[in-house]
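Have a look at the structure below before the remarks.
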Amino acid sequence: MLALHQKILQDMLSIPTAPFAEHAVIDYVRKFCQKLGTPRVAEDKVGNLLVHIRQGNRKVTRPVCITAHLDHPGFIADRMLGGKRLRAFWRGGVPKEYFVGTGVRFYTDGGAVKGRIRSIKTVDRDGQKRVDTCTVELARAADVPHGTVGMWDLPDPQIRNGRIHARGCDDIAGASAMLCAMESLVRRNVSCDTYYLFTRAEEVGFIGAIAAARLKTIPKKCLVVAMENSSQLPNARMGDGPILRVGDRASTFTPAVTSFCHRVARELASTDSSFKYQRKLMDGGTCESSAYCVLGYEATGMCLALGNYHNIDAKRRKIAPEFIDLSDFENVVKWFVELARTPHAYAGRDDVLYDRIIDLEKTYRTLLRRSVRKPA
C-alpha cells in the first residue's frame, strides 16, 4: 500500500462527521482536489460534490461515476441545559441499548470536549423505538455551540495486524479510496473520463444520493457504482478482497453494470496476482445503489467488508471502533483505477457468461436433439 494512500485514509478517518454536518470532510475533499490540480469540482444545490477527471483523448460514451457518502452515525449539539449538561440530537442507526453510559466527544473550535450519555429520548420510526435526542454530562465545564459535531469517544485511527480501526470507516474509507484512485490517475496521467460523487446524509436514508439523482447531479449517461462499507457476512469476509455487490436487502442492481465491473476485475486479476475480489449479495441493509436504480440510473455497488458495523461490538455489547482490512482497501483503489481507464465496451451483457452458455449448448446440442421422444 502506498504511504501516501495510507496517509489519505488516516487523515480522512480522523475528521469528525455526522449526517447533515459533513462540512469538515467536504473541506478536506475540496482542498485535496485543489492540490491535485486537474479535477473539476462542482457542488450541487444540496452540497454534494461532483468531481470530473478527464485526461488524454479517451472518448467515453458511458463514463463511470463512483459514489460514496461522507457521513457516519453521530451527534449534533443542540443546546446547553445548564451546568455541564448538553442536549444533542442523534442521527444514524444504532440500537438504543448502546447509548446510556457510553462516552462521546464533541469537536468544538477549542478542541474536543468529552462527556457521557446520561439519558435518551426515543421516537417511533419504522415500527421501532429509535434514539432521537440525548442528554450528555460533559467531563468539564465548556460551551458546546449549537451544531457542533459529536462522535463516540473512540481513539484516532490505529493500524494493527493489517487492519485499520477507526471511529467511523463507513463510508469515509470508501470516499478515501476514491481520493486515492483520483491521485493515481492524475499522478500517472492515465487517459480517462470519469466522475466521482461525494454525497451527504446517507445514514438517515441516503438523502444526498436521492437529491443527486433528482437534481441530475450525476450525468444520465453515467454508469453508477456506489461504494460502501458493509458488515462482513459468513461468506463475505474481510481480507478476501473488495466486494462487487449484486444487490442489497431492498433490490438487485443493474445486471449489465455489475457485469461490466466484474469483467474489469477478472481482467485485473489475470495481470495482477495480488489483486483479489469477491462478488456477493450483501443483504444486510439497503444502500445508495438501490436509490440510483429506482430513480432511473443504471447502477451497481461495491463495498469493503466491515467489522463492528456502526460501531456495534455485538459480542461484547458495547460501542467500539469499526475496522477494515488494508489489503481490501488497496485492491478497491486498484479496481477504481481500472474502471476509469478500461475501454467501456458496454454491451449490456456479461460476455464471458454468454460465451460459456453458448459453448454448453453447442456441446450438448446433438445429444439433446437425439434424445427427444416422439409423441406416442
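Only four residue types carry charge here, +1 at the Cβ of Lys and Arg and -1 at the Cβ of Asp and Glu. Report the dipole size of the chain about the Cα centre in Debye, rounded to the nearest 20.
On the way: 57 positive and 41 negative charges, 142 e Å.
Dipole about the Cα centre, nearest 20: 680 debye.
Distance check, please: which entries in Lys59/Lys216; Lys7/Lys220; Lys96/Lys315; Lys35/Lys334; Lys7/Lys221; Lys31/Lys221 exceed 25 angstrom between their Cα atoms? Please list the in-between numbers first.
On the way: Lys59/Lys216 22 Å; Lys7/Lys220 34 Å; Lys96/Lys315 16 Å; Lys35/Lys334 21 Å; Lys7/Lys221 34 Å; Lys31/Lys221 28 Å.
The pairs that break the limit, which is 25 Å between Cα atoms, are Lys7/Lys220; Lys7/Lys221; Lys31/Lys221.
Label points 7 Å out from Cα along the Cβ direction at Arg237 and Arg356: separation in nm?
With each label placed 7 Å out from Cα toward Cβ, I get 2.3 nm.
Carbon and sulfur: what percent of the range 250-296's accessible surface (1.4 Å probe)? Don't jump to the answer; show the numbers that get you there.
Numbers: 1070 of 2050 Å².
Ligands and nucleic acids excluded, carbon and sulfur give 52 percent.
Mind sorting out which of (1) 29, 57, 14, 0; (2) 28, 53, 15, 3, 0; (3) 32, 59, 9 is the real P(r) over Cα pairs in 20 Å bins from 0, in percent computed from the coordinates?
It is the one labelled (2).
Under 15 Å between alpha carbons, and skipping anything fewer than 8 positions from Lys276 in its own chain: which aspartates and glutamates qualify?
Within reach: Asp240, Glu267, Asp325, Asp328, Glu330, Glu338.
Are there any trypsin sites (Lys or Arg not before Pro) in the range 292-376 that are in a DSSP loop and have at most 15 other Cβ atoms within 10 Å? List them by number.
Details: sites: Lys315, Arg316, Arg317, Lys318, Lys334, Arg341, Arg349, Arg356, Lys362, Arg365, Arg369, Arg370, Arg373; in loops: Lys315, Arg316, Arg317, Arg349, Arg373.
Those satisfying the criteria are Lys315, Arg316, Arg317, Arg349, Arg373.
What net charge is computed for the residues neighbouring Lys216, neighbours being all others with C-beta under 12 Å from the C-beta of Lys216, Lys and Arg scored +1, Asp and Glu -1?
Values: positive: Lys45, Arg214, Lys220, Lys221; negative: Asp44.
My count for the surroundings of Lys216 gives +3.
Tell me the trypsin sites (Lys or Arg not before Pro) within the range 228-312 that lie in a loop according to DSSP and have at most 12 other beta-carbon atoms within 10 Å. If you can, show how the numbers build up before the last one.
Values: sites: Arg237, Arg245, Arg249, Arg263, Arg266, Lys276, Arg279, Lys280; in loops: Arg237, Arg249, Lys276.
The qualifying sites are Arg249.
For the range 22-167, rounded, prolate or oblate, judged on the Cα gyration tensor with a ≥ b ≥ c (square roots of eigenvalues), a/c < 1.5 rounded, else prolate if a/b > b/c?
On the way: a/c = 2.21, a/b = 1.97, b/c = 1.12.
Here the range 22-167 falls in the prolate category.
When DSSP assigns beta bridges and you keep just the ones with both residues in the chain, what percent turn out antiparallel, to the nearest 5? The partial results should precede the final answer.
On the way: 59 of 81 bridges.
The answer is about 75 percent antiparallel.
Report, by chain and number, residues whose modeled amide H sits under 5 Å from the one on Gly301, excluding near sequence neighbours (fewer than 5 apart, same chain).
Close amide H contacts, sequence-distant or interchain: Ala226, Arg245.
What is the calculated FRET efficiency for Lys315 to Val46, with r their C-beta to C-beta distance and R₀ = 45 Å, to the nearest 0.05? Spell out each step's value before the answer.
Numbers: r = 38 Å, r/R0 = 0.85.
Step by step, r from the Cβ atoms, then E = 0.75.
Give me the distance in nm between label points sitting 7 Å out from Cα along the Cα-to-Cβ direction at Arg130 and Ala24, one decimal.
2.5
What number comes out for accessible area per residue over the chain if the probe is 1.4 Å? Units Å², please.
46
Among the Cys residues of the chain, which have no other cysteine Cβ under 4.7 angstrom away?
Lone cysteines by the Cβ rule: Cys33, Cys134, Cys169, Cys180, Cys192, Cys261, Cys287, Cys293, Cys303.
Out of Gly127, Gly111, Ile76, whose Cα points farthest toward the positive end of the dipole of the range 72-160 (charges: +1 Lys, Arg; -1 Asp, Glu; placed on Cβ)?
It is Gly127.
Using just the helices of the chain, give the 222 nm mean residue ellipticity in deg cm²/dmol: DSSP H runs with n ≥ 4 each add -39,500 (n - 2.57), and the total is spread over all residues, rounded to 500.
Numbers: 8 runs with 109 residues, N = 376.
Value at 222 nm, helices only, nearest 500: -9500 deg cm²/dmol.
Using a 1.4 Å probe on the protein heavy atoms, what percent of the accessible area of the range 33-100 belongs to carbon and sulfur?
Working: 1410 of 3130 Å².
Using a 1.4 Å probe with all protein chains present, the range 33-100 comes out at 45 percent carbon and sulfur.
For the range 133-279, what does the relative contact order come out to in percent, with C-alpha contacts under 8 Å and a separation of six or more? Show your work: numbers first, answer last.
On the way: 82 pairs, mean separation 23.3, N = 147.
Once divided by the residue count of the range 133-279, the mean separation gives 16 percent.
The values are calculated or read from the model by the stated rules, or taken from the named source; none is laboratory data. Computed from a predicted structure; not experimentally measured. Positions of Cβ are generated from backbone atoms using ideal geometry, with glycine treated the same way; all protein chains shown enter the neighbour counts. Note: areas computed on protein heavy atoms with side chains; ligands, DNA, RNA excluded. Shrake-Rupley method; radii C 1.70, N 1.55, O 1.52, S 1.80 Å.
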